[in-house]
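The values are calculated or read from the model by the stated rules, or taken from the named source; none is laboratory data. Computed from a prediction, not measured in an experiment: that's the story for all the values here. Here Cβ is always computed from backbone atoms with ideal geometry, including for glycine, and neighbour counts include all displayed protein chains. Areas reflect the complete protein model, heavy atoms only, side chains present, ligands, DNA and RNA absent. Shrake-Rupley method; radii C 1.70, N 1.55, O 1.52, S 1.80 Å.
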Amino acid sequence: MSTFKGKSVLVLGGSRGIGAAIVRRFAADGATVTFTYAGSQDAAQQLATETGSTAVFTDSANRDAVISRVRDSGPLDILVVNAGIAIFGDALDQDPDAIDRLFQINIQAPYHASVEAARQMPEGGRIIVIGSVNGDRMPVPGMASYAVSKSALQGLARGLARDFGPRGITINVVQPGPVDTDANPENGPMRDLLHSFMAIKRHGRPEEVAGMVAWLAGPEAGFVTGAMHTIDGAFGA
Ligand code: NDP
């Protein structure tokens, strides 16, 4: 496949899970791919070798490092912001610094990376942020900070779509439901509860999310912007 031949792609948070599937998909489709990692250096190096992509260390909790990484990547055709974390537990017991770090990774990094990418992005550029169906629906206690962060991405896409639309740049949010990754393994303790909310009673596959990202990044999606794209087995329905 050569759908993305000649295209420059940066994936923030690409070493594992959904991000790694996105890296694999763009590399297989001919793009020149750079991705960031923070904690998983070995996995990142393996993925880079496997796909012919470039792995670079950038902690998404460090705003200025994120901005520098995007700026120094030069004109990007496609930016994907995937890095995200969740914190579980009673809101009354949680460390405020840990919650603020979640907001830095899940909200501030997507905002600043998107704005910085748009400075140099050519017409037809694509910005895709990985949100969550929890931006629409949070059916369990203990994850309010995560829900806040994923809802915030909806405003990010709606607002920046207005700023960048006149230049032919689109920005969209992909909102997965449960997807089988280290963060949410299909065989984990939440399996039956999560599946009870769904019409298709299985976890999604990272490759399924990558397929939606690839469509949004491709030539057929030039009129799609400021929108949320849910892929969740009807978790949120
Ligand atoms: P994983 O925990 O499996 O992988 C997370 C990825 O994000 C890793 O590559 C990790 O890199 C990177 N990352 C995390 N923190 C940072 C950081 N501070 N700086 C740079 N990179 C970072 O998660 P998933 O693949 O499951 O999730 C990916 C995205 O999809 C997240 O935004 C998540 O919220 C969202 N999502 C996931 C769902 C699921 O059920 N799995 C459902 C809905 C949304 P490293 O290990 O190198 O630090």
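Looking only at the range 193-235, residues that are in a helix (DSSP H, G or I), small (Gly, Ala, Ser) and either within 12 Å of the ligand (Cβ to nearest atom) or under 20 Å from Arg25 (Cβ atoms) (or both) come to 5 in all. Evaluate the following for Leu92: is it among the hydrophobic types (A, V, I, L, M, F, W, C) and assigned to a loop (DSSP other than H, G, I, E, B)? No, not satisfied.
In the range 86-107, of all residues being within 12 Å of the ligand (Cβ to nearest atom) and polar (S, T, N, Q), the one that is least open to solvent (accessible area, probe 1.4 Å) corresponds to Asn106. Looking only at residues of the range 130-152 that are within 12 Å of the ligand (Cβ to nearest atom) and of a type in the set (Ser, Thr, Tyr), we find that the one that is farthest from Ala210 (Cα to Cα) is Ser145. Taking the criterion of being more than 7 Å from the ligand (Cβ to nearest atom), at negative phi and open to solvent by 20 Å² or more (accessible area, probe 1.4 Å), the residues of the range 6-38 that qualify are Lys7, Ser8, Arg24, Arg25, Ala27, Ala28, Thr32, Thr34. Among the residues of the range 7-29, those identified as assigned to a loop (DSSP other than H, G, I, E, B) and under 17 Å from Ile127 (Cα atoms) are Lys7, Gly13, Gly14.
One residue stands out among those in the range 61-85 that are farther than 21 Å from Ala27 by Cβ and surrounded by 22 or more Cβ atoms within 10 Å (Cβ to Cβ): the one that is farthest from the ligand (Cβ to nearest atom), which is Val66. Only a single criterion out of (1) modelled with pLDDT under 95; (2) surrounded by 15 or more Cβ atoms within 10 Å (Cβ to Cβ) is not satisfied by His203, namely (1).
The set of residues in the range 194-229 that are within 22 Å of Pro141 (Cβ to Cβ) and touching a Pro at 6+ places or on another chain (Cβ under 9 Å) comprises Leu194, His195, Phe197, Met198, His203. Filter the range 43-57 down to the residues that are crowded, with 21+ Cβ neighbours inside 10 Å and either within 14 Å of Ala83 (Cβ to Cβ) or of a type in the set (Asp, Glu) (or both), then identify the one that is nearest to the ligand (Cβ to nearest atom). This residue is Ala44.
Pairs meeting the criteria (first residue in the range 108-137 and open to solvent by 60 Å² or more (accessible area, probe 1.4 Å), second residue assigned to a strand (DSSP E or B), beta carbons under 8 Å, at least 6 apart or on different chains) are Asp136/Gln175; Asp136/Met228; Asp136/Thr230. Of all residues in the range 153-192, exactly one satisfies the criterion of being open to solvent by 50 Å² or more (accessible area, probe 1.4 Å), more than 13 Å from the ligand (Cβ to nearest atom) and either at pLDDT below 95 or among the aliphatic types (A, V, I, L, M) (or both), namely Pro189. Screening the candidates Phe103, Phe88 for the property of being over 16 Å from the mean Cα position of the chain (by Cα) and aromatic (Phe, Trp, Tyr) yields one hit, Phe88.
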